[in-house]
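The values are calculated or read from the model by the stated rules, or taken from the named source; none is laboratory data. The structure presented is a predicted model; accordingly, all values stated were derived computationally and were not measured. No Cβ is skipped: glycine too gets one built from the backbone with ideal geometry, and neighbour counts run over all protein chains shown. Surface areas here come from the heavy atoms of the whole protein model, side chains and all, with no ligands, DNA or RNA. Shrake-Rupley method; radii C 1.70, N 1.55, O 1.52, S 1.80 Å.
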Amino acid sequence: KDATRVKEDLDLSCGLNKGGWAKGDSNRFGANRAKMSIPLIPAIIEKVLSTYASSPFGITISPYRKDNVDKAVLLQGVVDGIQNRSRANQAYTNALRSAISCGFGYLHVYTDSPSEKAPVNVCIEALQNPLAVLIDPSAVNPDGSDAEFAAYVTKISKVKAKRLYGIDTDSGNQ
């Protein structure tokens with residue numbers, strides 16, 4: 001298939017082509033053929049997500065040696081607290097939905113502290129746009145496990161950039 005046809009097929013399967021059919025489809029399929037689309041892809045996505053909902057996954061700590069069981073139980077409690085505070089199940093579900101829809105999904109794990117003296121909080125959040133994640137271009141593993149860095153790119157206003165980073169957005173000076 002050529003690139004135009006692939007894009008038309010993707011648009012049709014995702015519901016982006018509001019008419020459901022491309023202009024040239026009458027010529028390809030015949031003028032008298034019924035043209036209708038059945039939205040199957042969202043139903044398939046929800047079927048997979050319902051399987052996850054009945055048996056959700058998360059981070060599990062397993063001891064490497066038998067003498068580390070107590071430490072693993074303690075760490076599992078810490079991780080469970082992080083996941084519960086962060087509503088990690090929502091982030092996992094969102095990442096899974098993206099992976100089913102377009103082949104990849106991401107989470108954002110970060111640390112946050114209200115002040116230098118306050119304890120550090122580990123947070124897990126969903127990323128709404130998986131296309132805004134830029135992975136290390138030198139990574140070769142399909143799952144990106146060998147990537148040395150990644151960036152999540154979002155647009156912010158000039159006023160917010162000035163407030164957050166102290167940068168004069170027009171000149172680039174601090």
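Computed quantities for the displayed model
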item: Per-region count, region 110-145, residues open to solvent by less than 60 Å² (accessible area, probe 1.4 Å), without any contact (Cβ under 8 Å) to a residue 12 or more places away in the chain and not in a loop (DSSP other than H, G, I, E, B); result: 0
item: The listed residue being in contact with a helix residue (DSSP H, G or I) (Cβ under 6 Å, 6 or more places away or on another chain) and polar (S, T, N, Q), out of S98, S62, S115, S138; result: S98
item: Some residue of region 157-165 being at pLDDT 90 or above, open to solvent by 50 Å² or more (accessible area, probe 1.4 Å) and of a type in the set (D, E, K, R); result: no
item: Those residues of region 106-138 which are under 18 Å from the mean Cα position of the chain (by Cα) and small (G, A, S), in sequence order; result: A126, A132
item: Residue within region 151-166 that is in contact with a helix residue (DSSP H, G or I) (Cβ under 9 Å, 6 or more places away or on another chain) and either among the aromatic types (F, W, Y) or closer than 22 Å to F57 by Cβ (or both) present; result: yes
item: Qualifying residue in region 111-126 (condition: charged (D, E, K, R) and farther than 30 Å from S55 by Cα); result: yes
item: Count of residues meeting criterion [assigned to a loop (DSSP other than H, G, I, E, B) and not charged (D, E, K, R)] in region 85-109; result: 4
item: Hits in region 90-110 (condition: among the hydroxyl-bearing types (S, T, Y), modelled with pLDDT under 85 and either more than 22 Å from A53 (Cβ to Cβ) or touching a Pro at 6+ places or on another chain (Cβ under 6 Å) (or both)); result: S98
item: Residues of region 32-51 classified as at pLDDT 85 or above and touching a helix residue (DSSP H, G or I) at 6+ places or on another chain (Cβ under 8 Å), total; result: 2
